[in-house]
Amino acid sequence: MARTYEVRTYGCQMNVHDSERLSGLLEDAGYLAAPDGQQADVVVFNTCAVRENADNKLYGNLGHLASVKREHPGMQIAVGGCMAQKDRSTVVERAPWVDVVFGTHNIGSLPVLLERARVQEEAQVEILESLEVFPSTLPTRRESPYAAWVSVSVGCNNTCTFCIVPSLRGKEKDRRPGEILAEIEALVAEGVSEVTLLGQNVNAYGVEFGDRQAFSKLLRACGAIEGLERVRFTSPHPAEFTDDVIEAMAETANVMPSLHMPLQSGSDRILRSMRRSYRREKYLGIIDRVRAAIPHAAITTDIIVGFPGETEDDFQATMEVVRQARFSSAFTFQYSPRPGTPAATMADQIAPDVVKDRYQRLVDLVNDLAWEENKTQVGRTVELMVAEGEGRKDGETRRMSGRAPDNRLVHFAATDARPGDMVTAEVTYAAPHHLVADRVVSVRRTRSGDAWEARQGRAEETRTVGLGLPTIGVPAPLPAAPACS
Ligand code: SF4
């Protein structure tokens with residue numbers, strides 16, 4: 001019987017994409033995804049180190065698995081991702097029942113390390129200091145048959161004082177444009193119609209090979225790919241947001257009018273202390289130019305409250321930028337010191353109750369403005385990419401869900417559309433965090449919908465043949481990942 005695996009993913013979109021590679025590597029090595037509710041033979045943790053309780057979460061989960069492993073002889077546990085890159089052999093010192101620890105620069109080694117640990121009956125710890133090969137050549141088991149993550153770069157050249165990413169993911173490394181476009185064309189041939197370009201600082205793309213306009217050129221090149229309906233990107237850095245990128249967004253039909261642009265703070269004094277290389281005027285200037293070029297663009301952001309030294313005036317400066325920027329939504333974080341970052345040892349750490357109070361005031365403002373912005377969408381007719389999932393029942397009305405071009409979540413009156421198909425509908429109601437579109441105008445069946453249907457068929461076949469189990473229906477979708485600032 002094939003050994004089964006489960007990959008548990010924490011953190012950002014980079015980790016979600018890395019987990020697709022970890023699944024692809026294991027399936028390439030003959031493992032099968034463990035059915036829901038069944039204990040896997042191999043459990044892989046793809047960890048995040050951005051937030052303080054990341055440590056507690058990981059070691060808590062590992063603690064829980066110790067007894068499970070005792071009941072399942074031959075079971076293996078592997079820990080990868082940013083926490084593994086940071087903690088290294090400490091992981092097996094604190095959890096000696098872990099079999100493999102691998103880092104952010106050598107995810108390709110997982111199958112070999114698992115085998116070596118099994119044969120030698122000894123834990124394997126392998127961490128590289130920098131990336132040797134861009135992981136894009138690794139086999140990948142994608143979460144979705146119609147939407148795909150495509151890495152354009154890894155690592156980061158910035159040194160924000162609250163962030164541990166550069167020390168764990170290394171300096172920025174860029175893929176060659178031709179390689180990226182070839183991957184996208186191959187994905188479109190498989191039925192994918194939406195790609196999200198991924199990078200820690202995606203709009204700094206090209207810095208490694210000295211082309212400051214490489215990102216806008218990449219967006220325009222995506223515009224020429226037949227069958228590619230939607231292009232998104234995350235996460236851009238305001239300091240790198242140049243006019244050529246705004247023009248490329250406005251002039252390339254399949255680049256979606258949605259922009260996630262981390263602000264972090266609206267106070268120039270705090271931005272300086274965060275070592276963020278832009279100030280509020282520049283940030284608001286970018287927002288204005290984006291809105292002038294793309295009037296219906298939806299802009300989202302990341303904001304940290306309670307950064308060391310933050311006064312009530314600094315906080316009010318953040319609130320003022322939020323009022324002016326009118327974000328369609330925001331990831332908001334209460335600052336927590338991250339060991340190993342400069343900010344963790346700064347003076348004037350803010351008292352938790354003060355941070356909590358500011359956080360609540362910020363969330364209330366963001367939600368009020370997001371709702372007002374959503375209300376401006378009522379009456380608009382939008383084309384939605386149907387999302388995977390069971391949809392929802394609101395009273396007697398059954399609704400399905402989809403994403404509008406500006407990435408807003410829209411629930412619409414159920415039709416026979418499949419995930420990946422396109423539904424055109426009129427927005428009839430606005431809620432704080434989603435829209436409702438009960439006037440469906442048309443359904444366009446797409447190659448992505450066909451790809452989804454084909455995958456359902458294959459999953460059912462694998463389930464019944466590979467594991468010799470009776471028919472138990474289709475697999476549940478994976479959870480969405482939070483933003484990485
Ligand atoms: S916050 Fe973003 S830009 Fe700043 S160092 Fe971390 S990954 Fe880089």
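The values are calculated or read from the model by the stated rules, or taken from the named source; none is laboratory data. These numbers come from a predicted model, not from an experiment. Counting neighbours? That spans all protein chains shown, and the Cβs are built from the backbone with ideal geometry, glycine included. Side chains are part of the model used for accessible areas, which takes the heavy atoms of the whole protein and leaves out ligands, DNA and RNA. Shrake-Rupley method; radii C 1.70, N 1.55, O 1.52, S 1.80 Å.
Cα-Cα pairs above 36 Å in the chain: how many percent? Could you put the intermediate results ahead of the total?
Details: 38463 of 117370 pairs.
Of all Cα-Cα distances in the chain, 33 percent exceed 36 Å.
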- Relative contact order %, the chain, counting alpha carbon pairs below 8 Å whose residues are six or more apart: 12 percent
- With the dipole of the stretch 1-89 worked out from charges on the C-beta (+1 for Lys and Arg, -1 for Asp and Glu) around the Cα centre, which of Val7, Gly37, Cys82 lies farthest toward the positive end? Cys82
- Could you look at the chain and say what percent of its accessible area is carbon and sulfur, using a 1.4 Å probe and all protein chains? 52 percent
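Step by step: find N for the stretch 65-218, compute 2.2 N^0.38 Å, then divide the Cα radius of gyration by it. What's the final number? Numbers along the way, then the final one.
Values: Rg = 18.2 Å, N = 154, 2.2 N^0.38 = 14.9 Å.
Relative to the 2.2 N^0.38 Å estimate, the stretch 65-218 comes out at 1.22.
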- Task: For the stretch 381-447, divide the Cα radius of gyration by the Kirkwood radius and give the resulting Rg/Rh value with two decimals.
- Result: 0.92
- Message: Taking the Cα centroid of the stretch 1-56 and of the stretch 378-415, what is the distance between the two, rounded to the nearest whole Å?
- Response: 29 Å
- Message: What is the sum of charges, Lys and Arg at +1 and Asp and Glu at -1, for the other residues whose Cβ falls under 10 Å from the Cβ of Thr9?
- Response: -2
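Just how large is the dipole of the chain about the Cα centre, in debye to the nearest 20, putting +1 at every Lys and Arg Cβ and -1 at every Asp and Glu Cβ? Each step should come with its number before you reach the end.
On the way: 55 positive and 66 negative charges, 64 e Å.
Dipole size: approximately 300 debye.
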- Note on the structure: Ordering Lys217, Lys173, Lys356 by the accessible surface of their heavy atoms, 1.4 Å probe, largest first, yields Lys356, Lys217, Lys173
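Given a 1.4 angstrom probe, what's the average accessible area per residue across the chain, in square angstrom? Walk me through the intermediate numbers first.
On the way: 20500 Å² over 485 residues.
Per-residue value: 42 Å².
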- If you take the alpha carbon radius of gyration of the stretch 4-132 and divide it by 2.2 N^0.38 Å, what ratio comes out, to two decimals? 0.96
- Task: State the Cα centre-to-centre distance between the stretch 95-137 and the stretch 304-361 in whole Å.
- Result: 37 Å
- Please go through the residue pairs Lys171/Lys356; Lys57/Lys393; Lys217/Lys282; Lys86/Lys356 and name each one whose alpha carbons sit more than 25 Å apart in this structure. Lys171/Lys356; Lys57/Lys393; Lys86/Lys356
- Message: Ignoring everything except DSSP H segments at least 4 long, calculate the 222 nm mean residue ellipticity for the chain; use -39,500 (n - 2.57) per segment, divide by total residues, nearest 500.
- Response: -11000 deg cm²/dmol
